[in-house]
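The values are calculated or read from the model by the stated rules, or taken from the named source; none is laboratory data. These numbers come from a predicted model, not from an experiment. Neighbour counts are summed over all protein chains in view; Cβ atoms, including those assigned to glycine, are modelled from backbone coordinates with ideal geometry.
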C-alpha cells in the first residue's frame with residue numbers, strides 16, 4: 001500500500017518538476033481546452049479555476065465545438081484536453097468522468113403524472129421527445145433511443161433544438177414531455193419527475209489522447225481525478241415494480257392512519273394503540 005502511493009507521489013513530483021522546468025525554459029504553451037455545448041458552465045468554471053490555481057502563469061485557450069469534431073481534434077492533437085458528455089466512440093482516448101447528473105422528465109405542474117413520485121414508462125410511450133442531441137451529439141441520441149426501447153417507450157418525433165427555453169415552452173404548451181437535467185432551472189408552471197425503474201444520468205468527462213507525454217497535462221488530469229471524485233459504477237437500477245409496491249405500501253399506511261383517526265376520541269391515554277388490541281370486537285371491519 002505504501003509503495004503504491006509512494007510511486008504515485010514520485011510520478012506526480014516528476015511531472016511537477018518537468019512542468020516548472022518547461023515554464024522557466026519558455027516551452028510551456030497555453031492549454032488548448034475544448035468543450036461541447038452540453039457542458040454546464042459551472043463545471044467548466046471549476047475546471048478552469050483549478051488550472052489557474054495550479055498553473056497561474058500559464059494561459060488557457062478555451063474553444064467550443066460539437067462532440068464528434070472535438071474528439072477528432074483531440075486525436076490529431078489540435079486540442080489538448082476536451083470536456084464533453086458521453087458516450088463517445090473509440091478506445092484511443094483516456095476518459096475521466098467528472099460529473100454525473102440525473103435525467104428527469106419535464107412536464108406541466110398540473111399534469112396528472114406530477115402527482116406521483118415517479119413516472120411509469122408506459123405513461124410516456126409516444127409522448128416524450130428528445131430535442132438537444134439529434135444534431136450535436138448523435139451517439140448520445142442513439143443511446144437514448146436504445147434506452148427508451150429497453151423500457152418500452154417510443155419517442156415522439158421532433159425537430160432538434162439546443163434552446164432549453166424553447167423546449168420548456170413546448171412542454172408547458174402540452175405538446176410533449178421531455179428529458180432534462182435534474183438541476184435545470186424550470187420556468188413557472190413546470191415540474192420534473194424521474195422515470196420509474198431507471199436511473200439515467202448525463203455523464204460529463206475529461207478526454208485526452210492516450211500515450212501523451214505532456215507532463216503538465218498529465219499532472220492536471222490527475223488533479224482533476226482527485227478534485228472530481230465520481231464513482232465509476234452507475235447507480236443501482238431498481239425495477240419498476242418496486243415503485244408500484246412502494247406506492248401500495250404508502251396507500252396502506254395512509255389507510256391505517258385514517259382508520260386510527262376514526263377511533264381517536266375513544267382511545268384511553270397511554271394505552272397500546274395497535275388497532276387489534278384497542279378494538280378486538282371490530283376484527284371483521286379491521287380485516288376488511
Item to complete: Could you tell me whether residue 16 is over 29 Å from residue 153 (Cα atoms), modelled with pLDDT of 95 or more and not assigned by TED's automatic domain parsing to the domain that holds residue 137?
Response: no
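To keep it simple, each residue is scored yes or no on (1) under 29 Å from the mean Cα position of the chain (by Cα); (2) modelled with pLDDT of 80 or more; (3) under 25 Å from residue 43 (Cα atoms).
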{"residue": "182", "(1), (2), (3)": "yes, yes, yes"}
{"residue": "187", "(1), (2), (3)": "yes, yes, yes"}
{"residue": "197", "(1), (2), (3)": "yes, yes, no"}
{"residue": "207", "(1), (2), (3)": "yes, yes, yes"}
{"residue": "213", "(1), (2), (3)": "no, no, no"}
{"residue": "219", "(1), (2), (3)": "yes, yes, yes"}
{"residue": "255", "(1), (2), (3)": "no, no, no"}
{"residue": "263", "(1), (2), (3)": "no, no, no"}
{"residue": "268", "(1), (2), (3)": "no, no, no"}
Worksheet item: Within the group 77, 89, which residue is in a loop (DSSP other than H, G, I, E, B), in contact with a helix residue (DSSP H, G or I) (Cβ under 8 Å, 6 or more places away or on another chain) and in contact (Cβ under 8 Å) with a residue 40 or more places away in the chain?
Response: 89
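Go through segment 27-57 and give me each residue that's without any contact (Cβ under 8 Å) to a residue 40 or more places away in the chain, farther than 25 Å from residue 164 by Cα and in a helix (DSSP H, G or I). Give the derivation first.
Filtering segment 27-57 for residues without any contact (Cβ under 8 Å) to a residue 40 or more places away in the chain gives 27, 29-30, 41-42, 44-45, 48-49, 52-53, 56-57.
Narrowing the set further to residues that are farther than 25 Å from residue 164 by Cα leaves 27, 29-30, 49, 52-53, 56-57.
Correct list: 49, 52, 53.
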Worksheet item: Could you say which residue among 71, 78, 85 is surrounded by fewer than 13 Cβ atoms within 10 Å (Cβ to Cβ), at pLDDT 90 or above, on the phi < 0 side of the Ramachandran plot and assigned by TED's automatic domain parsing to the domain that holds residue 217?
Response: 78
Worksheet item: Before we move on, is residue 39 surrounded by 11 or more Cβ atoms within 10 Å (Cβ to Cβ) and within 26 Å of residue 134 (Cβ to Cβ)?
Response: yes
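Does residue 129 satisfy the condition of being more than 25 Å from residue 216 (Cβ to Cβ), modelled with pLDDT under 95 and in contact with a strand residue (DSSP E or B) (Cβ under 9 Å, 6 or more places away or on another chain)?
yes
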Worksheet item: residue 224: surrounded by 15 or more Cβ atoms within 10 Å (Cβ to Cβ), in a strand (DSSP E or B), modelled with pLDDT of 90 or more and in contact with a helix residue (DSSP H, G or I) (Cβ under 9 Å, 6 or more places away or on another chain), yes or no?
Response: no
Discussion item. Against the definition (without any contact (Cβ under 8 Å) to a residue 60 or more places away in the chain, assigned by TED's automatic domain parsing to the domain that holds residue 208, over 23 Å from residue 140 (Cα atoms) and surrounded by 12 or more Cβ atoms within 10 Å (Cβ to Cβ)), how does residue 60 come out, yes or no?
Written reply: yes
